[in-house]
Each structure stands twice: as C-alpha cells, then as structure tokens.
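K.L.:
Questions regarding the structure given below will be posed in turn.
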Amino acid sequence: MRHFSLLLILLFTLTACGSAPTSPSGTAAPVILTSTTFLADITRNIVGDRQTVAALLPIGSDPHSYQPTPQDVTKISQSKLLIISGADYEHFLEPLLENAGGTQNVIEASAGINPREETGNVDPHLWLDPNNVIIYVENIREALTHYDPEGAAIYQANADAYVAELKSLDKWITEQVNQIPIEKRLLVTNHEAFGYFADRYGFTIAGTVIESFSSDASPSAQQMAALIDQIKSSGAPAIFLDAADNTTLAQQIADETNVRVVTDLHLESLTNGAPAGTYIDMMKYNVTQIVNALK
Ligand SMILES: [Zn+2]
C-alpha cells in the first residue's frame, strides 16, 4: 500500500489550490466528504455549520470489508474535500479515486502520527486513543483553513473547543479505567483493534480471534486452539466484539473457556443516535462496556 500514500500526496499536490468555496446552502452534494461516520462527526465539530459534511460509508458498515458502490464515485467527484483516517485503513478507496478521476483534495487526518507496525503491517486504529484524534483535529483544521481561508478564525475556535473536549474525554477514560486493577486489564478482541487504546490506558491484549489489523480475515484451527489456551492461562473474563462482527467464532471460544462475549462495542462506526451517535459518545460507551466486564 506504499504507493497508495504516494498517490494521495500526488493528488493533493496537483489540486491543493482549488477555487474558493461558495455558500453551501442550496447545494445538495456535501462539500466535505469523510470516509467513516466517526470522521464526519470529528470534522463537523471543527466545521460547525459553515460547510456540509457527510460520511461516504453508511452507519454500521465495517470499513475493513466495505464494498464500494457506483454512487460512491459520484459522491467523491462532487465533493471538494475528502477526509480519510489513513494509515492503511481505507483499502476500498484506491479504485474509487481512480474512477472519480483524481480531482479531489484527499486529506489524511492521521498525517504525522507514527503508527504501530507489526511484520510490515500498519495498525490503522489510531482514533481509539483520543490523543491521536487531537492530531486529526489539527490536520483537518489546517486543511479546512487552506480550502476556506475566510473561515480560519471559526475553524480555530471550534478546533480549540473540541480539543478541550477530547482532553477531558482522555481524563474521563483514565478515571474509569482506574476502577480496574492493572492485572485485570485484559482485552480479548475480534481483531487487533485495541493496540493504541491498550498502550494509552495500561491494558494487555490477552488474545485476538483474528490475528490481523483487519476484521477481513479468518483464524486457522491452530490459532483458535492457541487463543483458547491464552484465555485460560491469562484469566481474561470476556471477549469484546464490534457490533458489526460475526459472533460465531467468539461464541465457540467463549463456550470452551467459560467467558462472556460482549457483542456491542462500536469501534469503526457510529450508531444512529444513542449509544454511539458521536465519536466522544462512542468512546464513552465502549469504555463503560469494558469497565463493567472487567472491574
Ligand atoms: Zn478494525
């Protein structure tokens, strides 16, 4: 995927100085498109009501296995900015950008963050540590300011206010997690999504059903057997799944190890309203589920 990043930089360089924006009122197409629903929420917090923002992916879809539609090409070609998380997350995007004619400004929200890497694969789940989202906010604010210089002061004020909220989210998570003794901070998850969260809040990853940074893979019989041993020897009491995950394998493992399965974390998509209607609510809901299962 290395050449993909280069392609994004090239597209950005070619089209970085677009025309000044006109009022979004009366235009049906969103001016700013984001890949995922949580990025749309983060972006709206900075944009306010100055531009229209929409997510390309629908609520509840799994970006790892997303199959793009022809309408996605239209949405991309009609948008002025496309904001992505980056770090090898949006694998569905490369053919879409080619089909959309490469006339978009693509902004990588995670630019400048050094991602976790294992055996040559990049861990894209940066947003599960709010401190990384603070960097997202700065990158998005800068891109918006470049695209719409007259809005600079508004974007700066909105970004400052949102960063303050993200800092209190980080503090809140630390307080919640402190209810769990450090030796019980054990996470077993569907795929390897919790690396950044674990690093920040002192968790150990006791095992994963799918040994991949993507949910779009399957474990072998040997990997299943090894995971059962890991759960038994670590004493991890629960397996945590995203609401979009298939529960069959996790349930089989839970039956063998006598642990519970938490099936409704929201890691890659917001929900329509509660419990994960915003990025901050999504994080709070996930942390509450984790603390309740482990404390
Ligand atoms: Zn994931």
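Results for (1) away from the ligand (no atom under 13 Å from the Cβ); (2) farther than 23 Å from Phe92 by Cα; (3) not hydrophobic (A, V, I, L, M, F, W, C), shown as yes or no for each residue.
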site	(1), (2), (3)
Gln176	yes, yes, yes
Gly207	yes, yes, yes
Ile210	no, no, no
Ala250	yes, yes, no
Asn258	yes, yes, yes
Thr278	yes, yes, yes
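K.L.:
What residue, of Tyr162, Tyr155, Tyr89, Tyr66, is in contact (Cβ under 8 Å) with a residue 60 or more places away in the chain and either open to solvent by 60 Å² or more (accessible area, probe 1.4 Å) or closer than 30 Å to Ala243 by Cα (or both)?
P.N.:
None of the others qualify; the one that does is Tyr162.
K.L.:
Take the conditions in a loop (DSSP other than H, G, I, E, B) and either within 30 Å of Thr43 (Cα to Cα) or open to solvent by less than 40 Å² (accessible area, probe 1.4 Å) (or both) and apply them to Ala236. Does it pass?
P.N.:
Yes.
K.L.:
How many residues does the stretch 180-213 hold that are in a loop (DSSP other than H, G, I, E, B), open to solvent by less than 30 Å² (accessible area, probe 1.4 Å), in contact with a His (Cβ under 9 Å, 6 or more places away or on another chain) and without any contact (Cβ under 8 Å) to a residue 60 or more places away in the chain?
P.N.:
Residues in the stretch 180-213 being in a loop (DSSP other than H, G, I, E, B), open to solvent by less than 30 Å² (accessible area, probe 1.4 Å), in contact with a His (Cβ under 9 Å, 6 or more places away or on another chain) and without any contact (Cβ under 8 Å) to a residue 60 or more places away in the chain: 2 in total.
K.L.:
While we're looking at this one, here's another question. Would you mind stating whether Asp216 is within 14 Å of the ligand (Cβ to nearest atom), surrounded by 13 or more Cβ atoms within 10 Å (Cβ to Cβ) and within 23 Å of Val133 (Cα to Cα)?
P.N.:
Criteria not met by Asp216.
K.L.:
I'd like to verify a number: residues in the stretch 257-295 that are more than 19 Å from Leu227 (Cβ to Cβ), of a type in the set (S, T, N, Q) and open to solvent by less than 40 Å² (accessible area, probe 1.4 Å), how many?
P.N.:
Residues flagged as more than 19 Å from Leu227 (Cβ to Cβ), of a type in the set (S, T, N, Q) and open to solvent by less than 40 Å² (accessible area, probe 1.4 Å) within the stretch 257-295 amount to 3.
K.L.:
Oh, and also: Kindly provide the set of residues from the stretch 67-82 that are outside any helix (DSSP H, G or I) and out of contact with any Leu (no Cβ under 6 Å at 6 or more places or on another chain), ordered by number.
P.N.:
Gln67, Thr69, Lys80, Leu81
The values are calculated or read from the model by the stated rules, or taken from the named source; none is laboratory data. Being a predicted model, the structure only gives us computed values, none of them experimental. Neighbour counts are summed over all protein chains in view; Cβ atoms, including those assigned to glycine, are modelled from backbone coordinates with ideal geometry. Only protein heavy atoms, including side chains, enter the accessible area calculation; ligands, DNA and RNA are left aside. Shrake-Rupley method; radii C 1.70, N 1.55, O 1.52, S 1.80 Å.
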